[in-house]
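The values are calculated or read from the model by the stated rules, or taken from the named source; none is laboratory data. Since this is a predicted model, take the numbers as computed values, not measurements. Heads up, the Cβs are rebuilt from the backbone with ideal geometry, glycines too, and the neighbour counts pull from every protein chain shown.
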């Protein structure tokens with residue numbers, strides 16, 4: 001039995017600005033999101049084990065997710081000077097990555113079958129082995145919510161967290177499935 005109050009407090013202690021219980025039944029695996037991945041605006045499509053097409057089909061993602069019953073959604077929200085504040089965007093992204101790694105380590109101690117979906121591509125290795133060799137750390141590999149086919153803003157709003165915090169604010173989101 002997941003003690004959500006404790007887990008959400010742990011998420012905030014790990015540095016996240018916001019955290020909420022995630023209702024797994026709200027997750028929709030959308031081909032349109034995968035099409036956005038295929039447009040390769042992030043330059044990671046077909047370049048890493050954590051991104052499409054290597055991370056698995058939408059059907060495989062959905063089947064895996066449906067094996068879980070408990071989950072949390074977390075966010076790091078940053079203040080930007082303006083919409084072109086690249087330093088603030090990077091700092092918020094770095095904070096999200098650190099918060100994610102801290103919480104993942106803590107939750108893995110309690111939930112050995114933890115499945116983490118991060119923000120952006122997996123960064124465990126400096127250079128991914130894809131497609132020439134198997135993943136070096138398959139147990140530590142994580143895909144982004146988008147790579148899994150999830151429309152992040154909808155996941156947030158469906159689960160009681162804002163996605164847009166207003167002008168000059170940026171939110172990075174991730175989730176952890178607990179079993």
- Item | Some residue of the range 128-138 being crowded, with 18+ Cβ neighbours inside 10 Å and either in contact with a strand residue (DSSP E or B) (Cβ under 6 Å, 6 or more places away or on another chain) or within 24 Å of residue 160 (Cα to Cα) (or both) | no
- Query: If you check residue 33 against the conditions, is it under 16 Å from the mean Cα position of the chain (by Cα), farther than 14 Å from residue 116 by Cα and assigned to a helix (DSSP H, G or I)?
  - Reply: yes
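For every residue, the table says whether it meets (1) in contact (Cβ under 8 Å) with a residue 40 or more places away in the chain; (2) under 29 Å from residue 129 (Cβ atoms).
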position	(1), (2)
6	no, no
15	yes, no
50	yes, yes
69	yes, no
100	yes, yes
- Query: Scanning for something assigned to a loop (DSSP other than H, G, I, E, B), in contact (Cβ under 8 Å) with a residue 24 or more places away in the chain, surrounded by 13 or more Cβ atoms within 10 Å (Cβ to Cβ) and in contact with a helix residue (DSSP H, G or I) (Cβ under 8 Å, 6 or more places away or on another chain), does the range 77-86 turn up at least one residue?
  - Reply: yes
- Task: Please state which one of 107, 114 is surrounded by 11 or more Cβ atoms within 10 Å (Cβ to Cβ), at pLDDT below 95 and within 21 Å of residue 10 (Cβ to Cβ).
- Result: 114
- Scanning the range 120-179 for residues that are touching a helix residue (DSSP H, G or I) at 6+ places or on another chain (Cβ under 6 Å) and either without any contact (Cβ under 8 Å) to a residue 12 or more places away in the chain or not in a loop (DSSP other than H, G, I, E, B) (or both) gives 158, 163, 170, 172, 173, 174, 176
